[in-house]
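All remarks here apply to the structure that follows.
Any read-out appearing in this document is the output of simple, stated calculations on the displayed coordinates, not a laboratory observation. This structure is a prediction, so every number in the text was calculated from the model and none was measured. Every residue, glycine among them, receives a Cβ derived from its backbone with ideal geometry; neighbour counts consider all protein chains shown.
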Amino acid sequence: MKKALFIDRDGTILIEPPVDYQIDSLDKFQFVPGAISGLKVLAGLGFELVMASNQDGLGTESFPTEDFLPLQNLMLDILRSEGVVFNDIIIDTTFPEEKAPTRKPGTALFGKYTNGDYNLSESYVIGDRDSDAQLAENLGCRFLRIGENSWEQIAEKLSLEERTAFVSRNTRETQVSVRVTLDDNQPSQIDTGLKFFDHMLAQIATHGNIRLDISAKGDLEVDEHHTMEDVAITLGTALLQALGNKRGIGRYGFALPMDESEALVLIDFGGRIDFEWDVTFTREYVGDTPTEMFRHVFQSLASAMQCNLHISAKGENNHHLAEAIFKAFARALKAAVHRQPFDYSLPSSKGIL
């Protein structure tokens, strides 16, 4: 679903004059510090940009809109030169005393954004007034206030969004729920009904330095296949969602030894799917978990995460071999999802992942 940034104009993008609060002449035309660079960052994050103002033209409620459109057009031209283009401009021209439903924080002019095509819970209103905060509440959006936050802080917050996701998958065979938090290493809760599989998933959380909360109930009386496959699909989907816009991530990753075993895991969150597996187990089960399913688990993860995943491993002890693979995957994941501080760029020459 689409997401939007509803951005107030006067006091948020442009400094509002402290005396008459009207930007009605060129000598009053001045950007809020950091607004241009902040908007330039936001323009590349996948949000639709919507400028919303209660004031006609550019900052006056006393004259016809067309008298002051040149100033608004000047603002838009300056922003456009920096790659900032608004998808929509919403201007209400009623006077405050009219208390019209079209006037912020009323939502009458925002109908196209409330018809179900937009994920408003993941959208934001950015403004400097209580009316902007109320608009956010009325729309069901989040709110960021200029003044409490600088444009630099807003750009950083939205570029480096909280990386967490909750995904559930319910079929006739399984009921699975997974919560992934990439920047939280608090203790995880994992229960799939397969103790050795739980132990391996715990390696991903511990050595990936992430939190995993996984609950699965499946038809284990039939076979382990459905449970392990659906956990992998759900986990992979949650990891992909938690990565969000992928800005600043390391993208690639890792190898390690486990006693006499060794494992090599190559990962690339480039958006293309490829899977390679070069592992031979000599036992049918380790604990209560069939070893033949490990290949399918990682293949399902690669597909759900939309990544390249190449795994090769060798060893004599099958417990050590499985654990080496899961630990190497965890370390590869940790390196790939690690976010570089103050880096909002995509690790791609294509400009998209």
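Give the Kirkwood hydrodynamic radius (Å, one decimal) of segment 164-337, defined as one over the mean of 1/r across all pairs of different Cα atoms. Present the calculation step by step, with values, prior to reporting the outcome.
Numbers: mean 1/r = 0.0633 Å⁻¹.
With all distinct Cα pairs of segment 164-337 included, I get 15.8 Å.
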Working from Cα positions, state the angle (0 to 90°, nearest 10) between the long axis of helix 318-337 and the longest principal axis of the chain. 10
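Go ahead and estimate [θ] at 222 nm for the chain from helices alone: -39,500 (n - 2.57) per DSSP H run with n ≥ 4, summed, over the residue count, rounded to 500.
Values: 8 runs with 107 residues, N = 353.
The per-residue figure over the chain is -9500 deg cm²/dmol.
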Top positive-direction residue, dipole computed over the chain with Cβ charges, set Thr94, Pro17, Gln72: Gln72
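Could the peptides 218-231, 70-83, 124-137, 184-197 be put in order, highest first, of the mean number of other beta-carbon atoms found within 10 Å of their residues? Provide the component values of the computation, followed by the final result.
Details: 218-231: 18.3, 70-83: 14.4, 124-137: 20.4, 184-197: 16.6.
Most protected by this proxy first, the peptides run 124-137, 218-231, 184-197, 70-83.
Ranked highest first by the average count of other Cβ atoms within 10 Å around their residues, in what order do 173-180, 84-91 fall? Each step should come with its number before you reach the end.
Working: 173-180: 21.2, 84-91: 15.5.
Order by mean packing, descending: 173-180, 84-91.
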For the pair Asp288/Asn87, report the inter-label distance in nm, with labels modelled 7 Å from Cα in the Cβ direction. 4.8
Over the Cα atoms of the chain, what radius of gyration and what Dmax do you get, in Å? 25.7, 83
Work from the charge dipole of the chain (Cβ charges, +1 for Lys and Arg, -1 for Asp and Glu, about the Cα centre) and give the residue of Ala313, Ala302, Thr181 farthest towards its positive end. Ala313
Can you give me the long-range amide H partners of Ala52? Hydrogens built in the peptide plane at 1.01 Å from N, cutoff under 5 Å, separation of 5 or more residues or another chain. Ile7, Asp8, Arg9, Ile90
How much length would be gained if the chain were fully extended between Thr206 and Ser312, taking 0.36 nm per residue of separation minus their Cα-Cα distance, in nm to one decimal? 36.0 nm
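How far, in nm, would the chain grow between Asp191 and Arg272 when pulled straight, counting 0.36 nm per residue and subtracting the alpha carbon separation? Walk me through the numbers on the way to the answer.
On the way: separation 81, 0.36 × 81 = 29.16 nm, distance 3.04 nm.
Roughly 26.1 nm would be gained on extension.
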Mind ordering 109-119, 264-274 by average Cβ neighbours within 10 Å, highest first? 264-274, 109-119
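Work out, in µm²/s and without decimals, the Stokes-Einstein translational diffusion coefficient of segment 128-204 at 20 °C, 1.002 mPa s, Rh from Kirkwood over C-alpha pairs. Each step should come with its number before you reach the end.
Working: Rh = 16.4 Å.
The diffusion coefficient I find is 131 µm²/s.
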What's the angle, to the nearest 10 degrees (0 to 90), between helix 69-81's Cα axis and the longest principal axis of the chain? 30
Just subtract the alpha-carbon distance of Leu26 and Ala108 from 0.36 nm times their residue separation and send over the number in nm, one decimal. 26.4 nm
Over all Cα pairs of segment 88-163, the Kirkwood radius sets Rh, and Rg/Rh then becomes 1.00
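Can you compute the charge dipole magnitude of the chain about its Cα centre, using +1 on each Lys and Arg Cβ and -1 on each Asp and Glu Cβ, nothing else charged? Give it in debye, rounded to the nearest 20. Write out the running numbers ahead of the final one.
Details: 33 positive and 53 negative charges, 106 e Å.
Dipole magnitude for the chain comes out near 500 debye.
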So how far, in whole Å, is the C-alpha centre of segment 196-258 from the one of segment 107-128? 34
Charge dipole of the chain built from unit charges on the beta carbon (Lys, Arg +1; Asp, Glu -1), centred at mean Cα; most positive-end Cα among Leu42, Gly106, Ala232 is Ala232
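Can you sort Met51, Met1 so the residue with the fewest Cβ neighbours within 10 Å comes first?
Values: Met51 21, Met1 10.
Final ranking by Cβ density, sparse to dense: Met1, Met51.
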